[in-house]
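In what follows, a single structure is set out as structure tokens and then discussed.
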Amino acid sequence: MQQYDIPILKYYEFKFHIIGRIISASCYVIGWFMPYFFAGKLESGNVCEYFVMMQYFHSLGVREHDQILYEMGMKEKEHEIYFLDQIRSSKLLPIFERIFSWGKNSSLNDIDIENKYSVEKSEAYCKNYKAHSGKL
């Protein structure tokens, strides 16, 4: 962001710090399932943020960030898989998956970690992601 002279918004830094603290504290009250579930769903959506950003950069002729954006998107996918693995055997998962559209049978991205595209072909990812329609 510094390279493109885009300021970091202190409001968002503070806001998301507070949200993280509240979620962290709530784990002691609501148990482990919901924090893992919603962290996994959040990570699932975060995956495409990096690939869509890469596509936006490409539309401006910028390709120098491709490798790091690709790596960050894949790391988010690994996080999604980790959180799902932690709750995979929970009896609550099918109920939450039905309500919140994320779980064993549904993801918010189209990345198959076992059959990854290369960085050069990764523009094929996330074509139907909400960011393309301007509904962030």
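Values quoted throughout were computed directly from the atomic coordinates according to the rules given, and no laboratory measurement underlies them. Since this is a predicted model, take the numbers as computed values, not measurements. We place every Cβ from the backbone using ideal geometry, glycine too, and count neighbours over all the protein chains shown.
Observations, loosely collected:
- Folded to 0 to 90 degrees: helix 33-59 orientation relative to the chain principal axis, Cα: 10
- Pairs spanning more than 30 Å between alpha-carbon atoms, out of Lys41/Lys127; Lys15/Lys116; Lys10/Lys77: Lys15/Lys116.
- Dipole magnitude for segment 40-136: computed about the Cα centre from +1 point charges on Lys and Arg Cβ and -1 point charges on Asp and Glu Cβ, it is near 460 debye.
- The packing ranking, built from the mean of other Cβ atoms within 10 Å per residue, places the peptides 19-29, 104-114, 37-47 in the order 37-47, 104-114, 19-29, highest first.
- For segment 11-32 and segment 46-100, distance of Cα centres in Å: 21
- Calculated [θ] (222 nm, deg cm²/dmol) that DSSP helices of n ≥ 4 give over the chain, each run adding -39,500 (n - 2.57): -19500 deg cm²/dmol
- Summed residue charge, Cβ within 14 Å of Lys91's Cβ, Lys/Arg positive, Asp/Glu negative: +2
- Charge dipole (debye, nearest 20) of segment 14-70; +1 at Cβ of Lys and Arg, -1 at Cβ of Asp and Glu: 240
- Compactness relative to 2.2 N^0.38 Å, alpha carbon Rg of the chain: 1.16
- Note on the chain: with a GNM built from Cα contacts shorter than 10 Å, the maximum mean-square fluctuation among Phe51, Phe14, Phe33 falls on Phe14.
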